Amino acid sequence: MTTELRRFAYRRSPDQDAREPAHHPVVIIGAGPVGLTLALDLARRAVPVVLIDDSDRIGEGSRAICFAKRTLEIFDRLGLAEGMVAKGVTWQRGRVFRGQEQLYEFDLLPEPGHKQPAFINLQQYYVEAALADAAAAEALIDLRWSNRLTGIQPRSDGALLTIATPDGPYQFDAGWVVACDGARSPTRALLGLEFRGEAFEDKFLIADVKMRAEFPTERWFWFAPPFHSGQSALLHKQPDDVWRIDLQLDRDADPEHERQPEIVRPRIRQMLGHDDFALEWVSVYRFQCRRLARFVHGPVVFAGDAAHQVSPFGARGANSGIQDADNLGWKLALVVKGQSPASLIDSYDRERVEAAQENILHSTRATDFIAPRSPGERVLRDAALALAGKAGFARGFVNSGRLSQPTTYLASPLSTPGPDWQGGLAAGTSFHDAALPSTAGGRRWLSETLAEGRPVIIACGVAAESMTPAAALWVDVPARDGGDEPLARRYGLTPGDAVVLRPDGHVAARFRQATPVQLAAAIERLEGRAAA
């Protein structure tokens with residue numbers, strides 16, 4: 001991995017010389033983290049992909065830096081997490097201050113026994129470079145740089161795309177189009193779709209500072225710090241001796257003025273107490289919490305920032321976009337291969353709209369707490385901060401950004417209803433990783449079973465013959481281990497029980513005294529082949 005600006009050569013495609021528009025089953029617009037993740041996911045499922053991007057480079061600014069455990073599990077399934085974790089800064093603890101007083105500290109992964117850490121900090125250009133290199137090495141991905149979408153005509157059987165290139169325009173057909181082209185999505189604009197939500201007036205300065213420092217690898221957040229009175233500040237460590245500093249600015253601050261080095265350096269000097277640092281990257285942002293009403297529009301599907309935007313508090317932007325790709329990939333593969341009806345894609349819309357709404361809610365609440373918009377809100381915020389330093393229960397009122405967690409799909413049409421369990425994971429919940437029994441065919445972790453791309457059945461004392469190998473991957477928990485840590489305990493398993501995981505790891509069903517008929521029906525349902 002390198003911090004150097006990465007450029008990619010434009011190459012002429014055979015499609016540009018075809019007499020009639022070529023046809024491709026899936027076309028992805030935008031080679032950012034979301035588009036690259038989805039392309040790799042589909043290729044691993046033997047679906048060919050055309051991926052276009054209007055740029056010829058990555059590596060401009062660190063942008064997103066916090067990648068959550070669930071995102072790392074997705075990258076691990078694609079064979080990329082090990083290098084990212086090795087390069088990144090691993091962390092799970094954080095501290096919240098008011099002025100110079102520490103109000104409390106937290107631990108995001110207090111229980112051991114997970115393959116991936118709670119979070120890593122890694123500059124987005126490292127993540128994009130790893131994804132782009134993997135995509136370039138994948139025979140089923142046709143990655144076309146300097147290809148800009150200028151027209152899209154949806155039809156009943158797909159869409160006709162018009163593309164601008166250095167050699168002039170050309171067209172091709174797509175069975176499915178996935179727009180991963182960012183907050184200013186050209187695809188969204190071409191279709192005339194409205195982005196609804198709230199734009200905040202508050203402004204924040206981001207500075208990536210290169211320096212040697214002895215701060216621990218934790219997330220530190222200050223309300224009204226002594227070095228930036230009346231505002232807020234955030235400190236994170238990144239690789240290469242780079243530290244991310246966020247400073248809240250006045251609402252009427254001029255972004256162009258605030259990002260000038262002669263303005264930024266005194267602010268950072270006041271925070272650090274010294275001048276021994278270099279500015280790597282500086283930006284000033286105003287954020288928005290907005291989304292499309294629907295993410296699926298016929299053959300065109302939206303993901304990532306093209307579908308939804310949130311404030312950066314809680315690291316919900318890139319993580320939720322990559323989880324969009326994780327939700328969509330296996331479903332789109334089943335549909336393209338003719339193994340599931342196209343209506344399965346409707347569940348992507350339902351589930352990821354629910355996730356976006358949850359992220360927007362958390363993001364808006366964090367913003368309102370960090371930057372109160374009225375005197376009354378500020379009085380309540382300051383009262384919560386004052387109480388949090390004295391009473392543990394009050395810490396729940398303090399909101400410096402609820403950190404990214406996978407959404408539980410409470411009303412997914414792909415889930416099979418069942419009796420309530422005491423303990424374990426309810427249907428719709430994202431899986432919890434755990435070490436596997438020694439009998440699990442050489443795999444060490446439950447998360448590794450998802451690399452197979454099939455549903456996973458975790459069964460305690462149930463005969464594997466109850467499902468055909470092609471339908472699902474079987475994880476056997478010996479009956480004698482029922483209730484023991486870690487796998488059986490995390491899933492609330494006793495002898496005779498079974499839990500069905502979808503290919504993206506969300507719980508689809510769980511059964512007491514599972515039968516072959518129940519398990520087969522649950523897989524039919526999660527793959528969209530059975531009526532809800």
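The values are calculated or read from the model by the stated rules, or taken from the named source; none is laboratory data. Treat the numbers as computed from the prediction; the structure is a model and nothing was measured. Don't worry about glycine lacking a Cβ; one is built from the backbone with ideal geometry, like all the others, and counts go over all protein chains shown. Please note that ligands, DNA and RNA were not included when accessible areas were found on the heavy atoms of the full protein model with its side chains. Shrake-Rupley method; radii C 1.70, N 1.55, O 1.52, S 1.80 Å.
Being closer than 23 Å to residue 503 by Cβ, touching a Phe, Trp or Tyr at 6+ places or on another chain (Cβ under 8 Å) and not hydroxyl-bearing (Ser, Thr, Tyr) is true for just one of 87, 69. Which residue is that?
After ruling out the rest, the residue left standing is 69.
Do the conditions hold for residue 183, that is, is it over 26 Å from residue 335 (Cα atoms) and not in a strand (DSSP E or B)?
Yes: the conditions hold for residue 183.
Which ones in segment 186-207 are at positive phi and either assigned to a loop (DSSP other than H, G, I, E, B) or of a type in the set (A, V, I, L, M) (or both)?
Residue satisfying the conditions is 192 alone.
Only one of (1) more than 23 Å from residue 330 (Cβ to Cβ); (2) modelled with pLDDT under 95; (3) acidic (Asp, Glu); (4) open to solvent by 20 Å² or more (accessible area, probe 1.4 Å) fails for residue 202. Which number is that?
(4)
Look through segment 153-180, keep the residues that are of a type in the set (Asp, Glu) and assigned to a loop (DSSP other than H, G, I, E, B), and return whichever of them is least open to solvent (accessible area, probe 1.4 Å).
Only one residue tops the list, namely 167.
Just to verify a result, which residue in segment 336-382, among those that are free of Cβ contacts under 8 Å to residues at least 40 places away in the same chain and farther than 30 Å from residue 221 by Cβ, is surrounded by the fewest Cβ atoms within 10 Å (Cβ to Cβ)?
338
Tell me which residues, restricted to segment 409-425, are touching a strand residue (DSSP E or B) at 6+ places or on another chain (Cβ under 7 Å) and not hydrophobic (A, V, I, L, M, F, W, C).
Result: 409, 415, 416, 418, 424.
Considering only segment 314-331, state which residues are in contact with a Ser or Thr (Cβ under 6 Å, 6 or more places away or on another chain) and either at pLDDT 95 or above or not small (Gly, Ala, Ser) (or both).
Within segment 314-331, 316, 319, 322, 325 meet the criteria.
From 439, 408, grab the single residue that is part of a loop (DSSP other than H, G, I, E, B), modelled with pLDDT of 95 or more and among the polar types (S, T, N, Q).
408
For segment 513-529, give me each residue that is of a type in the set (Lys, Arg) and out of contact with any strand residue (DSSP E or B) (no Cβ under 9 Å at 6 or more places or on another chain).
The one that is of a type in the set (Lys, Arg) and out of contact with any strand residue (DSSP E or B) (no Cβ under 9 Å at 6 or more places or on another chain): 529.
Restricting to segment 409-454, name every residue that is more than 13 Å from residue 500 (Cα to Cα), of a type in the set (Ser, Thr, Tyr) and buried (at least 19 other Cβ atoms within 10 Å of the Cβ).
409, 412, 447
Return yes or no: is residue 130 assigned to a helix (DSSP H, G or I) and of a type outside the set (Phe, Trp, Tyr)?
Here the answer is yes, as residue 130 does meet what is asked.
Across segment 378-430, what is the number of residues that are out of contact with any Lys or Arg (no Cβ under 6 Å at 6 or more places or on another chain), more than 23 Å from residue 118 (Cα to Cα) and of a type in the set (Val, Ile, Thr)?
1
Name the pairs whose Cβ atoms lie under 8 Å apart, with the first residue in segment 194-212 and within 14 Å of residue 237 (Cβ to Cβ), the second in a loop (DSSP other than H, G, I, E, B) and hydroxyl-bearing (Ser, Thr, Tyr), and 6 or more positions between them or separate chains?
208/62
Are there any pairs, at least 6 apart or on different chains, whose C-beta atoms fall under 9 Å, with the first in segment 398-422 and of a type in the set (Phe, Trp, Tyr) and the second open to solvent by 10 Å² or more (accessible area, probe 1.4 Å) and in a loop (DSSP other than H, G, I, E, B), and if so, which?
409/415; 409/427; 409/429; 421/492; 421/512
Residues that are closer than 30 Å to residue 293 by Cβ, open to solvent by 40 Å² or more (accessible area, probe 1.4 Å) and more than 22 Å from the chain's Cα centre (by Cα): does segment 233-252 have at least one?
Within segment 233-252, one or more residues are closer than 30 Å to residue 293 by Cβ, open to solvent by 40 Å² or more (accessible area, probe 1.4 Å) and more than 22 Å from the chain's Cα centre (by Cα).
Which ones in segment 1-10 are modelled with pLDDT under 90, open to solvent by less than 100 Å² (accessible area, probe 1.4 Å) and out of contact with any Lys or Arg (no Cβ under 8 Å at 6 or more places or on another chain)?
Within segment 1-10, 2, 3 qualify.
Within segment 366-382, how many residues are more than 25 Å from the chain's Cα centre (by Cα), of a type outside the set (D, E, K, R) and farther than 14 Å from residue 251 by Cβ?
Here the count works out to 4.
Residue by residue through segment 383-404, note down the ones that are open to solvent by 50 Å² or more (accessible area, probe 1.4 Å), farther than 28 Å from residue 252 by Cα and outside any helix (DSSP H, G or I).
The answer is 390, and nothing else.
Enumerate the pairs (first residue in segment 230-241 and more than 19 Å from residue 378 (Cα to Cα) and touching a residue at least 60 places away in the same chain (Cβ under 8 Å); second residue anywhere and open to solvent by less than 10 Å² (accessible area, probe 1.4 Å) and of a type in the set (Asp, Glu)) with beta-carbon separation below 8 Å, excluding pairs fewer than 6 apart on the same chain, so at least 6 apart or on different chains.
Sorted first by the residue in segment 230-241, then by its partner, the pairs are 238/208.
Filter segment 497-524 down to the residues that are part of a loop (DSSP other than H, G, I, E, B) and open to solvent by less than 10 Å² (accessible area, probe 1.4 Å), then identify the one that is farthest from residue 411 (Cα to Cα).
That would be 497.
Would it be correct to say that residue 532 is out of contact with any Phe, Trp or Tyr (no Cβ under 8 Å at 6 or more places or on another chain) and either assigned to a strand (DSSP E or B) or modelled with pLDDT of 90 or more (or both)?
no
Looking only at residues in segment 253-272 that are under 20 Å from residue 371 (Cα atoms) and not charged (D, E, K, R), which one is surrounded by the fewest Cβ atoms within 10 Å (Cβ to Cβ)?
Among residues in segment 253-272 that are under 20 Å from residue 371 (Cα atoms) and not charged (D, E, K, R), the one surrounded by the fewest Cβ atoms within 10 Å (Cβ to Cβ) is 255.
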